[in-house]
1. Give just the number: which of (1) over 24 Å from the mean Cα position of the chain (by Cα); (2) assigned to a helix (DSSP H, G or I) does Leu64 not satisfy?
2. Within the group Ser23, Ser72, which residue is of a type in the set (Ser, Thr, Tyr) and assigned to a helix (DSSP H, G or I)?
3. Search region 28-44 for residues being under 26 Å from the mean Cα position of the chain (by Cα) and without any contact (Cβ under 8 Å) to a residue 12 or more places away in the chain, and hand back the single one that is surrounded by the fewest Cβ atoms within 10 Å (Cβ to Cβ).
4. Which is crowded, with 16+ Cβ neighbours inside 10 Å and either closer than 19 Å to Gln113 by Cβ or modelled with pLDDT under 85 (or both), of Val16, Val6?
5. Every residue in region 41-89 that is modelled with pLDDT of 85 or more and in contact with a Phe, Trp or Tyr (Cβ under 9 Å, 6 or more places away or on another chain), please.
6. Tally time: how many residues in region 1-21 are in contact (Cβ under 8 Å) with a residue 24 or more places away in the chain and not hydroxyl-bearing (Ser, Thr, Tyr)?
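The values are calculated or read from the model by the stated rules, or taken from the named source; none is laboratory data. Here the structure is a predicted model, which means the values were calculated and not measured. Neighbour counts are summed over all protein chains in view; Cβ atoms, including those assigned to glycine, are modelled from backbone coordinates with ideal geometry.
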Amino acid sequence: MEDKLVEHLDNVNKVVEKYLAGSDPTQISKELSMSRQTVVGYISEWRQMAADNAAIRARAKEALVGADTHYSKLISKAYEVIEEATTTANLSAKTQGIKLVMDLEKTRIEMLQKAGLLENKELAEEMIEIEERQQALIEILKDIASEYPDIRDEIMRRLSKVSKQKETIVIVNNDV
């Protein structure tokens, strides 16, 4: 029984290693001589295990941020190449630079989409939490502004600067 479990986990690791290297399930199934359905099952199982493990999620986040930063640097360098090619009127280098940027962006988006299967739920929860804290802070500042009219105008001005574009904060003068 234990041997089957070890073999199963070895197979999951082999599949996931190839998957994270950029291979799709069809390629993996051919390379490892497994059915595509088995490969998809292993990937799904791995995602579930990873999603349930906080340490793995944290490492995945770090790796994703690192990779995203790396892609940003590469894209920046590619734009430098495009700029240089424009300056020297080298149309072929400019075209290659543009293609390079497109390829890098495509690869980065694919990577983020794959990772998104793991991150979407967490990001949504984080965003909700941040928005709730922001709203609570705004309410606290509004309460303070109504209690202390001498600083109300300054608080409201500053809130207007950081508030959403669509949200309107009205300064009411009660000195009438």
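1. (1)
2. Details: Ser23 fails: assigned to a helix (DSSP H, G or I).
The conditions single out Ser72.
3. Within region 28-44, the subset under 26 Å from the mean Cα position of the chain (by Cα) is 28, 39-44.
Within this subset, residues satisfying the condition of being without any contact (Cβ under 8 Å) to a residue 12 or more places away in the chain are 41, 44.
Values: Gly41: 15, Ser44: 11.
That would be Ser44.
4. Values: Val6 fails: crowded, with 16+ Cβ neighbours inside 10 Å.
The match here is Val16.
5. Answer for region 41-89, where residues must be modelled with pLDDT of 85 or more and in contact with a Phe, Trp or Tyr (Cβ under 9 Å, 6 or more places away or on another chain): Tyr42, Ile43.
6. Taking region 1-21 and keeping what is in contact (Cβ under 8 Å) with a residue 24 or more places away in the chain, we get 11-12, 15-16, 19.
Now drop any that are not not hydroxyl-bearing (Ser, Thr, Tyr), which leaves 11-12, 15-16.
Of the residues in region 1-21, 4 are in contact (Cβ under 8 Å) with a residue 24 or more places away in the chain and not hydroxyl-bearing (Ser, Thr, Tyr).
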